[in-house]
Amino acid sequence: MKIVLKNLTKVFMNKKTKTEVRAVDNMDVEIPDGKLVGLLGPSGCGKSTTLFMISGLQTPSSGEIYFGENNVTKLAPEKRGIGLVFQNYALYPHMTVGQNIMFPLLNQRIPKKIALERATEAAKLVQLENLMDRKPNELSGGQQQRVAIARALVKSPNVLLLDEPLSNLDARLRLQTREEIKRIQRETGVTTVFVTHDQEEAMSISDIIIVMKLGVVQQMDAPQKVYDDPANLFVAQFLGTPPINTFNGKIENGKVYIGEEAIMDTKLPNQEVYVGIRPEGCEVDPNGEFTVNVQQLEIMGRDISIIANHAECLKPSLRIIVDADVNVGVGEVKLSIKPNKIFLFNKETEVRLYEPKESPSLEANEPVTE
């Protein structure tokens, strides 16, 4: 089921200041049928509010929501054909796994025999068919979350909505459960919207990510595309572990400078810029064009994380990731930088700057047409 959000806006009133807060501001996106889409951003960016409007738990201040060709903006949640999973599982402690999964079907007065058959199928999908008689307190956190997902899927929803479903799990269970969510979504083909503030989670399981800031969509695309081609400084800084290194820089006479060192050629006009360099975009090179002062080395198995500083870095330290067999020590180190790992941003708007495209040249004997 395709989801279309047209100029979707949600305004709350701040009771203390008596001012309006635009939690979601004029959101205009189309989520393709059968895709797993990650709504990603920091706390307060409007991602959960967006999910709740899609579910019908909150009413938009303006704009419209479509499931396929149907306008569901004013439709009650139970009539939208959704499955909703919260971060706290919300399982009934006195019920077994099977009873928890069956509950929404029995609520719809579906005969118990049919409800049990469908619940068993849903339990198989999340690989819990052998635990149908257990109570929630006998399950791990990851298993409880899978029960909640099975309960949401047993209704055969058009849309599955997941609100921070992994935030209560430890690191190992988070990894296992996000793999399960991706597998389940692939097997069912249900359009899924997954809310998270964890960029690693969003990038690992999503077909598409929507990056939000202060209620506004910053960029929407395939995860790797957003990482490799960020639209602005916020997106570049939000995606990536370790985060991108950002420097004060300038463009002068066809070259990009950080401090007094020219790190690349450009056809952009002279101006002050922010320069972003991905941690994996540097190589230790005695003839390199960029110099940092290495403070510390962290051996991380196959990689070395170089912790260094630079006078023009926006943070007290920066990180460079190199192979573990690279010979590097503390003190002044020269680096060469991969051009595709350098990003330039307008210093006023923080919007990404792109190299101007060259006009195709005309052949000498090709006539010029008006």
Open item on the list: Could you go through segment 87-94 and let me know if any residue there is surrounded by fewer than 16 Cβ atoms within 10 Å (Cβ to Cβ), over 30 Å from residue 198 (Cβ atoms) and touching a residue at least 12 places away in the same chain (Cβ under 8 Å).
Closed with: yes
TODO: Assess whether residue 330 counts as being open to solvent by 40 Å² or more (accessible area, probe 1.4 Å) and closer than 24 Å to residue 227 by Cβ.
DONE: no
Open item on the list: farther than 30 Å from residue 67 by Cα and outside any loop (DSSP other than H, G, I, E, B): is that true of residue 202 in this structure?
Closed with: no
TODO: Would you tally the residues in segment 127-142 being assigned to a helix (DSSP H, G or I), open to solvent by less than 70 Å² (accessible area, probe 1.4 Å) and closer than 17 Å to residue 102 by Cβ?
DONE: 2
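In the list 69, 20, 64, which residue meets the criterion of being surrounded by fewer than 18 Cβ atoms within 10 Å (Cβ to Cβ) and touching a residue at least 12 places away in the same chain (Cβ under 8 Å)? It would help to see each step written out before you state the result.
Details: 69 fails: touching a residue at least 12 places away in the same chain (Cβ under 8 Å); 20 fails: touching a residue at least 12 places away in the same chain (Cβ under 8 Å).
Result of the check over 69, 20, 64: 64.
Here's the yes/no breakdown for (1) open to solvent by less than 20 Å² (accessible area, probe 1.4 Å); (2) part of a strand (DSSP E or B):
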| residue | (1), (2) |
| --- | --- |
| 230 | yes, no |
| 236 | yes, no |
| 241 | no, no |
| 246 | yes, yes |
| 249 | yes, yes |
| 256 | yes, yes |
| 263 | yes, yes |
TODO: Could you tell me whether segment 103-110 includes any residue that is open to solvent by less than 50 Å² (accessible area, probe 1.4 Å), aromatic (Phe, Trp, Tyr) and in contact (Cβ under 8 Å) with a residue 40 or more places away in the chain?
DONE: no
Open item on the list: Considering only segment 168-182, I want to know if a residue exists there that is surrounded by fewer than 23 Cβ atoms within 10 Å (Cβ to Cβ) and modelled with pLDDT of 90 or more.
Closed with: yes
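The values are calculated or read from the model by the stated rules, or taken from the named source; none is laboratory data. Predicted model only: the values in this text are computed from it and were never measured. So basically every Cβ, Gly included, is an ideal-geometry build from the backbone, and we count neighbours across all protein chains shown. When the accessible area is computed, the model is the full protein with side chains, heavy atoms only, and any ligands, DNA or RNA have been set aside. Shrake-Rupley method; radii C 1.70, N 1.55, O 1.52, S 1.80 Å.
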